[in-house]
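Written out below as structure tokens is the structure these notes cover.
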Amino acid sequence: MIDPALNYRLSLSINLAIPIAASLAALMTSGQSAPFAVVLAWCVGIWTYWLIEYLGHRAFHVISLGHQAHHDDPRAPVAMPFWVGTAAHFVALNIVWWLFDLPVALAFVMGSSLAYAFYCVLHESMHSAPAMIKRLAPQLYKHHALHHARGDVNFGVSTWFFDWFFGTLEAPSTKKICHG
Ligand SMILES: [Zn+2]
Ligand SMILES: [Zn+2]
């Protein structure tokens, strides 16, 4: 069993490295496919990640898989095993490549891995540097703070679109919400 703090650091570093590698590869191959298809695949990659983020987080509230530890102590280094995200990007790359072509698959993974890296930094900062996030993204901060306060609403972290879509959106009231 890998040390949780090491797993957390590895997870954060790898999830920042993958979109950089995917972006370079996507830029190198993008000319081999229609520009519209490449841009569309990039957008679909982002939205696919946002949907998985919502459904995954909602599932973690049924089958915890360690997620309760994050709610018990939001500042503890809790993360999925560091290789899970990498494996998911690799599987997604191969599925989209099989369905379409390599440039489209790389653009998809560029979008999904960028959205995942953004989530990793955003969520880490919400708990380790709340003052900064309250200033930079006050609505997203309140949205996630309310999730920690309630536990049964606001499962999206990067966007509240899917909470609205699936009926789990709770808009923050004006009263102060505190979390770790
Ligand atoms: Zn949660
Ligand atoms: Zn959290």
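Taking (1) on the phi < 0 side of the Ramachandran plot; (2) surrounded by fewer than 19 Cβ atoms within 10 Å (Cβ to Cβ) in turn, GLY151 satisfies each apart from (1). Among the helices (runs of 4 or more DSSP H) confined to region 84-167, the ones with at least 3 residues that are under 13 Å from the mean Cα position of the chain (by Cα) and either farther than 16 Å from TRP47 by Cβ or of a type outside the set (Phe, Trp, Tyr) (or both) are located at 102-128.
Has region 10-29 got at least one residue that is assigned to a helix (DSSP H, G or I), closer than 22 Å to PRO77 by Cα, in contact with an Asp or Glu (Cβ under 9 Å, 6 or more places away or on another chain) and hydroxyl-bearing (Ser, Thr, Tyr)? Looking for residues that are assigned to a helix (DSSP H, G or I), closer than 22 Å to PRO77 by Cα, in contact with an Asp or Glu (Cβ under 9 Å, 6 or more places away or on another chain) and hydroxyl-bearing (Ser, Thr, Tyr), one finds none in region 10-29, hence no.
Listed by first and then second residue, the pairs linking a residue in region 29-49 that is closer than 16 Å to ALA92 by Cβ and modelled with pLDDT of 95 or more to a residue that is in a helix (DSSP H, G or I) and among the hydroxyl-bearing types (Ser, Thr, Tyr), with Cβ atoms under 7 Å apart and 6 or more places separating them unless they lie on different chains, are GLY45/SER112; ILE46/SER112; THR48/SER112; TYR49/SER112; TYR49/TYR116.
Within region 84-96, restricting attention to residues that are of a type outside the set (A, V, I, L, M) and in contact (Cβ under 8 Å) with a residue 24 or more places away in the chain, which residue is nearest to ligand 1 (Cβ to nearest atom)?
Of everything passing the filter in region 84-96, GLY85 is nearest to ligand 1 (Cβ to nearest atom).
The values are calculated or read from the model by the stated rules, or taken from the named source; none is laboratory data. Worth saying up front: this structure is predicted, and the values here are computed from it rather than measured. Using ideal geometry, Cβ is built from the backbone for each residue, glycine included, and neighbour counts are taken over all protein chains shown.
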